[in-house]
Amino acid sequence: MKTITKLLPLVAASALALTACSSGSDDSGSGSGSSASGGNQKLAFVQGVAGDEFYVTMQCGIEAEAKKVGATVNTQGPAKFDPTLQKPIVDSVMASKPDAILIAPTDVSAMQAPLKAAADQGIKVVLVDTTVDDPSFAASQISSDNEGGGAAAFKAIQDLNPDGGKILIMSTDPGISTVDARVKGFETAAAKDEKFDYLGVQYSHNDTATAARLITAALAKNPDIVGVFATNTFSAAGTATGVRQADKQDQVKVVGFDAGPDQVGQLKDGTVQALIAQDPYEIGVDGVDQAMASLDGSEVTPTIQTGFHIITKDNVDGDGAQYLYKSSC
Ligand code: T6T
């Protein structure tokens, strides 16, 4: 199987109901999509969750590339990162008979059968960001180096706490390929340093308020925690809020995956020390290119891995600024 790993420059670390939301570039009349890029091929983009700047930025890449190649795109996303909300969207997208679906599956097992059914119906399926247990039906899969990013997060916490101490992970839910890989990368790296006492993973269900509540409770139980790795936008934003509410921002070093606007604010105000930014725009561009290649019978790359960038207070307004996520295109 051909795999491409994109070696993107690592920005230097210093110390270290179906409420389907729909938008997009399709004027075909399906869903509540809008605007058009006016081509022959009909693409659908199904986000992991609507309103998450990671997927908004990916949508920007998808729309820009679709426009270039003359395809239309309809974008929809569930109101929560939840397969019971995402599956009905896939069902309705399938009924609209797109040529290809670009999708970030919200669960490795629950989205397996619905996506295989789409592929069996002749729709090209490209997995962007997350994957499923058996992705063999997919034309291509594009995601960040999530395990490497988890290891980089541990390295950042290690550099910020040279004497070690208690650390924990705030994740979203088990069964999401990306965050599970980040946890694995972090845990594998942490196991090699005996100075750190790893307290395990807490699951915030991708909800900032829950992450804030969980970290506050963890700090009440273990007031000497020195570092937290939060595996995505919402777990990181909630962790930082909880740490500040507990007035522990000078003691607890927070490293979060992603680089949404709220996270950047928390980096600048000193509650968060480092962000591991992905390249969602590039994932979107690659997703369209692979979908088009699959549709026109040209060579498809089955697996593409994009990179990550470490953003700190030192580079957030400089080299790192280009990697911050967008709220709109
Ligand atoms: O971290 C991204 C994405 O990679 C992950 O699969 C789910 O959470 C995000 O969308 C950020 O909120």
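What the table below lists for this structure:
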| read-out | value |
| --- | --- |
| Boolean, A138 is in contact with a Leu (Cβ under 6 Å, 6 or more places away or on another chain) and either surrounded by fewer than 23 Cβ atoms within 10 Å (Cβ to Cβ) or closer than 20 Å to V288 by Cβ (or both) | yes |
| Given (1) surrounded by fewer than 24 Cβ atoms within 10 Å (Cβ to Cβ); (2) within 16 Å of the ligand (Cβ to nearest atom), number of the condition A113 does not satisfy | (2) |
| Lone qualifier among D279, D289, D250, D296 - being out of contact with any strand residue (DSSP E or B) (no Cβ under 7 Å at 6 or more places or on another chain) and buried (at least 18 other Cβ atoms within 10 Å of the Cβ) | D289 |
| Residue within the range 199-216 that is within 16 Å of the ligand (Cβ to nearest atom), acidic (D, E), assigned to a helix (DSSP H, G or I) and at negative phi present | no |
| Number of the exception - N74 against (1) closer than 22 Å to Q278 by Cα; (2) in contact with a strand residue (DSSP E or B) (Cβ under 9 Å, 6 or more places away or on another chain); (3) buried (at least 24 other Cβ atoms within 10 Å of the Cβ) | (1) |
| Residue among V255, V226 that alone is in a strand (DSSP E or B) and either at pLDDT below 95 or surrounded by fewer than 24 Cβ atoms within 10 Å (Cβ to Cβ) (or both) | V226 |
| Residue count for the range 238-269, restricted to those that are more than 14 Å from the chain's Cα centre (by Cα) and under 16 Å from F81 (Cβ atoms) | 1 |
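The values are calculated or read from the model by the stated rules, or taken from the named source; none is laboratory data. Since we're looking at a predicted model, the values are computed, not measured. We place every Cβ from the backbone using ideal geometry, glycine too, and count neighbours over all the protein chains shown.
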